[in-house]
Amino acid sequence: MGINKEVYKNRFGMEFECSTPFDELKGLVHDACIKYYGENSVLIKKTSYSSNKNYNKWHLKIDGTTESELCTPISSFNDIGKIKKVIKELGQNIKITNNDSTHLHLEIGDIDPRLLVIGWLIIEKGIIRCFPKHRRKNNFCEKLGDGKKHNIGLLFEKAYGIAENHHSILSLYHYDQRKTIEFRVCEGTNNSETIENWIKFCYLFLNYCKNMDVIEVLKKDIGNKNIFFAIEELKLTGKIKKWLEGRYELFNKED
């Protein structure tokens, strides 16, 4: 299946949680954002919530569950390189612990959200094994599948209900207002290559869902925990395939 170029037109935003105290990070964030995005490209407010509606700027704030949260502007696929440069500039000043995660909000206005839930159910047990154990069982990252045997109708109904919650692994919480979906499984990271590969994977996942044959997909083995099943199902190749395989090998050493 070729990649539908229309999917790459969807915009996204990212939230980087980290365990660096706000006061230690604010000057560094200001300088990095100005360097790559220009003057007036960042908002820095010492609050634990955001009333900011200017989504065209970077935004640094205090986070309620860790120390700080850095949000990108609304971005396009072609902006990934600049985002990587900001994260590289900050480097090890972005301190990561198990309290931190990285969230990706991706526009899905042209995709039926029910297809995304079905698609995620198919790959969930494999894809979560490409992430650290603390992301697999987490109150802020609830899986769509509950591990129990259900008929497909009940399984989808339960999964869609979970997806409507804010703290779902694949969250439709903002869908009605913003027509976005939030991917919450990624661990906190200061690795720009991880950021790039995860964004690209999520685009490829959208492409898969947008073009899926639902009847054929529902015949698949939803309980398959093997990442190679997910790679084959999504027809992943090259760098993304290698990245997932490497992470699968790394994080399953924990088991």
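The values are calculated or read from the model by the stated rules, or taken from the named source; none is laboratory data. Remember, it's a predicted structure, so these values are computed and weren't measured experimentally. Quick reminder, even Gly has a Cβ in these numbers, built from the backbone with ideal geometry, and neighbours come from all protein chains shown. Just the protein is used for accessible areas: all its heavy atoms, side chains included, with ligands, DNA and RNA removed. Shrake-Rupley method; radii C 1.70, N 1.55, O 1.52, S 1.80 Å.
Accessible surface comparison of TYR175, TYR55, TYR8, probe 1.4 Å, protein chains only, largest first: the order is TYR55, TYR8, TYR175. Taken over the stretch 28-122, the alpha-carbon convex hull comes to 147 cubic angstrom per residue. Using r as the Cβ-Cβ distance of PHE140 and GLU39, and R0 as 51 Å, what FRET efficiency do you calculate, to the nearest 0.05? It comes to 0.90.
For every helix of n ≥ 4 consecutive DSSP H residues, a contribution of -39,500 (n - 2.57) applies; sum these over the chain, divide by its total residues, and give [θ] at 222 nm rounded to the nearest 500 deg cm²/dmol.
-12500 deg cm²/dmol
Per-peptide packing, taken as the mean over residues of other Cβ atoms within 10 Å, places 185-195, 74-84, 113-123 in the sequence 113-123, 185-195, 74-84 from highest down.
What Kirkwood hydrodynamic radius, in Å, does the stretch 172-255 give when the mean of 1/r is taken over all pairs of distinct Cα atoms and then inverted? Before the final figure, lay out the partial values.
Values: mean 1/r = 0.0681 Å⁻¹.
For the stretch 172-255, the Kirkwood estimate is 14.7 Å.
Using a probe of 1.4 Å, the accessible surface attributed to LYS235 totals some 120 Å² when neighbouring protein chains are kept in position. Compared with the direct C-alpha span, the chain from GLU24 to GLU245 gains 76.0 nm at full extension, assuming 0.36 nm per residue.
Legend: residues HIS103, HIS167, sorted from most to least accessible area (1.4 Å probe; ligands, DNA and RNA excluded), read HIS167, HIS103.
Taken over the chain, the convex hull of the Cα atoms encloses 121 Å³ per residue.
Tell me, rounded to the nearest percent, the portion of alpha carbon pairs in the stretch 87-214 spaced more than 25 Å apart.
In whole percent, the long-distance tail amounts to 24.
In this structure, the amide hydrogen of ILE96, modeled 1.01 Å from its nitrogen in the peptide plane, lies closer than 5 angstrom to those of SER19, counting only residues at least 5 positions away or on a different chain.
Helix by helix through the chain, keep the DSSP H runs that span 15 Å or more along the axis on Cα and average at least 0.0 on Kyte-Doolittle, and give those back in order.
Qualifying helices, which must be both long enough and hydrophobic enough, are 80-90, 113-127, 152-163.
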